[in-house]
Amino acid sequence: MIDYFLHTPDNNPAPDTTTHILNRHNAGQFHRSLPGYRPTPCINLPGLAEKYGTGHIFLKDESKRFHLEAFKALGASYAVHSILKQCNNIDTFCTATDGNHGRALAWASARAGKKSVVFVPHHTAPARIRAIEQEGGKAIKIEGNYDEACDLAAEACRKDGWQLVQDAARDGYEEIPALIMAGYLTQFRELEPELHPPGKPDVDIAFLQAGVGSFAASAIWYYLDRYGPNRPKIILVEPFEADGVLASFRAGERVVPDKSFKTMMAGLNCGIPSPGAWNIIRSGTDAVVSISDHFAAEAMQALYHPAGTDQPVTAGESGAAGLAGFMAVMEEEKLKPVRELLRLSPESRVLFVNTEGATDPDNFRSITSKTTPPLRHNQ
């Protein structure tokens with residue numbers, strides 16, 4: 001199951017709270033002050049590039065971020081830091097998560113000597129819940145989905161006086177999600193000046209995971225702010241069964257997709273896009289691709305059992321999604337219009353971000369231990 005939407009962006013997001021904060025905040029100095037900080041590696045994969053007939057494939061490996069195996073630590077830590085600079089009289093931070101953001105908030109809260117409460121949807125893997133608890137957070141599993149977990153977290157904060165640190169904005173709640181996005185910018189600034197020199201990037205195409213939109217929007221804003229119309233082409237990737245960004249493009253407004261929300265790409269299993277992210281996404285996205293889980297499984301295998309002399313990479317289900325979208329575009333006839341948009345050549349330079357490592361170890365082992373590709377279903 002695959003789908004796509006082509007979009008002609010204006011490269012000019014409307015000024016709002018999110019763009020204002022992204023313009024004012026540079027979280028890099030704060031991140032460099034944290035114990036254990038170091039830029040995550042950017043890996044060149046020439047074997048994979050040769051397989052698909054492109055010049056270079058680069059993968060920014062966020063599985064090496066602190067000990068948390070995901071880029072989310074950048075956003076949660078900077079938001080907590082910024083909040084406490086304004087008011088230190090906070091006892092408990094709270095959020096909803098499919099796993100990685102909650103673990104990051106628990107870690108950042110513990111660093112600051114604060115408590116944390118994390119609401120998780122019913123489908124959350126036990127290993128991700130344990131990871132939150134191991135960082136000192138209290139995990140509360142609900143019967144509903146991610147959007148419902150967000151509602152319950154916000155209600156608990158109103159009732160108990162906790163501080164909400166959610167990466168999805170909503171009406172009247174925009175500043176903290178924007179601070180989280182400002183934290184995410186560090187991973188793209190770490191690519192300066194090698195892949196991101198002044199003037200024009202040494203990247204032609206970037207495949208980015210969509211989810212609720214904050215990660216994708218932070219990347220798009222970075223490229224628009226640094227390069228304007230010289231930015232790389234941006235292709236967003238999300239699960240077919242949770243394609244809120246694609247559905248919103250098709251509807252012309254933010255909507256909840258009419259899908260099952262059953263996907264192993266837990267970090268991307270979101271409903272309606274965040275409003276602060278949506279403003280930027282629709283201004284700088286060239287196409288959206290939605291894919292079924294078997295593409296993610298194939299990408300996980302391709303990274304863990306690489307071609308030629310490529311370095312093996314441990315990528316989780318959501319971490320491999322950008323590459324999975326690229327593989328689908330290159331292999332599936334239905335996605336030919338996206339392929340034509342990209343105009344890939346032997347000189348093209350493509351960037352992916354491995355947003356997470358093996359945060360569900362049991363599923364990771366089940367997928368990567370197979371010596372044959374996952375069974376493809378009817379597309």
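The values are calculated or read from the model by the stated rules, or taken from the named source; none is laboratory data. Quick caveat, the model's predicted, so the values are computed rather than measured. Note that we place each Cβ from the backbone using ideal geometry, even for glycine, and neighbour counts take in every protein chain shown.
Criterion first (surrounded by fewer than 19 Cβ atoms within 10 Å (Cβ to Cβ) and closer than 26 Å to R24 by Cβ) does I90 satisfy it?
yes
One residue stands out among those in segment 251-291 that are touching a strand residue (DSSP E or B) at 6+ places or on another chain (Cβ under 7 Å) and part of a loop (DSSP other than H, G, I, E, B): the one that is surrounded by the fewest Cβ atoms within 10 Å (Cβ to Cβ), which is D286. Kindly evaluate I142 against the criterion of being modelled with pLDDT of 95 or more and either aromatic (F, W, Y) or more than 20 Å from F364 (Cα to Cα) (or both). When the stated conditions are applied, I142 passes them. Does L208 count as within 18 Å of C42 (Cβ to Cβ), in contact (Cβ under 8 Å) with a residue 12 or more places away in the chain and touching a Cys at 6+ places or on another chain (Cβ under 7 Å)? No; evaluated as a whole, the condition is false for this residue.
The set of residues in segment 99-138 that are assigned to a helix (DSSP H, G or I) and among the β-branched types (V, I, T) comprises I129, I132. Of everything listed in (1) buried (at least 22 other Cβ atoms within 10 Å of the Cβ); (2) closer than 22 Å to H20 by Cα; (3) in contact with a helix residue (DSSP H, G or I) (Cβ under 6 Å, 6 or more places away or on another chain); (4) at pLDDT 95 or above, the single unmet condition for D167 is (4). Can you find even one residue in segment 292-310 that is modelled with pLDDT of 95 or more, over 22 Å from the mean Cα position of the chain (by Cα), buried (at least 21 other Cβ atoms within 10 Å of the Cβ) and not in a strand (DSSP E or B)? Checked segment 292-310: at least one residue is modelled with pLDDT of 95 or more, over 22 Å from the mean Cα position of the chain (by Cα), buried (at least 21 other Cβ atoms within 10 Å of the Cβ) and not in a strand (DSSP E or B). Counting just the residues of segment 55-67 that are of a type outside the set (D, E) and under 17 Å from S214 (Cβ atoms), which one comes out nearest to the chain's Cα centre (by Cα)? Among those that are of a type outside the set (D, E) and under 17 Å from S214 (Cβ atoms), it is K60.
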